[in-house]
Amino acid sequence: MEFKLDRDLCFLDIEATGLHVIRDRIIQIAIIKYFADGREYQELSKLINPGMPISEEAMEITGITPDIVRNKPTFTQVAPEIFEFIGDADIAGYNSNRFDIPMLLEEFNRAGLDFHLEARRTIDVQRIFNRMEPRNLRAAYRFYCDKDLQNAHDALEDVRATVDILKGQLRKYEGQDLINDDGVLKNPVVNDMQSLHEFTNDQRMLDVTQKLKYNKKGEIIFNFGRYLGRPVIQTLQEDKDYYHWILKKEFSVQVKNIVKRLVEENSAEEKNQ
């Protein structure tokens with residue numbers, strides 16, 4: 001299928017040092033440009049030296065390590081070429097409105113280039129997917145149970161529907177492997193509550209609000225704020241005010257209890273040494 005274009009259209013994807021669109025930096029950018037005049041599309045792909053550490057999560061997902069980008073140009077060095085390549089085109093991507101486009105705007109700004117969205121149209125393919133294939137209870141009931149949910153948002157009807165959905169999922173995915181970017185997960189949806197718990201939860205996270213997590217070393221680290229990625233105990237030893245700040249602010253009781261426990265356990269260990 002050919003796109004019906006009245007303006008050039010650039011499909012964009014960015015890999016970065018992390019997920020924070022302001023603090024993190026681009027390590028790879030790829031663009032495919034389609035032309036309104038019918039010319040053959042063009043591709044542009046660049047590896048970029050971010051000038052800062054790449055998070056472990058980003059390296060695991062992208063396979064891009066500091067060694068790979070060490071001798072690559074910085075974004076400022078390639079910014080004029082990227083700026084000119086995009087030109088006045090509209091921009092499309094997957095989750096691009098929330099991640100790729102905001103990050104690109106920040107990088108262009110740091111490079112001293114004025115990249116405006118006002119005259120452009122942006123097309124987020126993920127939004128089409130989410131809106132056309134909703135992931136709410138009614139849609140799940142229709143998909144797994146092949147019938148419409150009556151009296152949605154009545155608590156008892158909703159919980160009955162949830163029971164039926166899980167039964168439908170167990171039937172539908174029996175013996176089915178999950179294949180994704182991480183490889184193959186053998187038969188993950190089985191009629192076993194421990195297995196379902198492990199499948200439906202990120203085992204790296206310590207709390208439901210995902211403020212605290214384990215890193216690859218098994219250390220508990222902060223998953224938010226100015227100490228993102230820093231070990232909790234080491235950080236709180238160096239900045240005791242931050243501990244009191246967490247206890248006073250609107251963090252979940254789970255986060256506060258975990259932080260309290262970690263501090264108490266560390267204090268007890270220090271006394272015993």
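Miscellaneous remarks
- In the set (1) in a helix (DSSP H, G or I); (2) among the small types (G, A, S); (3) within 19 Å of M205 (Cα to Cα), G229 fails one condition alone, (1).
- The single condition among (1) without any contact (Cβ under 8 Å) to a residue 24 or more places away in the chain; (2) surrounded by 18 or more Cβ atoms within 10 Å (Cβ to Cβ) that D37 does not meet is (2).
- Restricting region 54-87 to residues that are surrounded by fewer than 19 Cβ atoms within 10 Å (Cβ to Cβ) and modelled with pLDDT under 95, the residue that is nearest to I22 (Cα to Cα): S55
- Taken together, the residues in region 1-19 that are touching a strand residue (DSSP E or B) at 6+ places or on another chain (Cβ under 9 Å), surrounded by fewer than 18 Cβ atoms within 10 Å (Cβ to Cβ) and of a type in the set (A, V, I, L, M) amount to 1.
- Considering only residues in region 196-231 that are more than 16 Å from the chain's Cα centre (by Cα) and among the acidic types (D, E), the one that is nearest to I258 (Cα to Cα) turns out to be D207.
- Residue that is under 18 Å from S55 (Cβ atoms) and either at pLDDT 95 or above or surrounded by 10 or more Cβ atoms within 10 Å (Cβ to Cβ) (or both), where the choices are L247, L262, L212: L212
The values are calculated or read from the model by the stated rules, or taken from the named source; none is laboratory data. Keep in mind it's a predicted model, so treat the numbers as computed, not measured. Note that each Cβ is placed from the backbone with ideal geometry, even for glycine, and that neighbours are counted across all protein chains shown.
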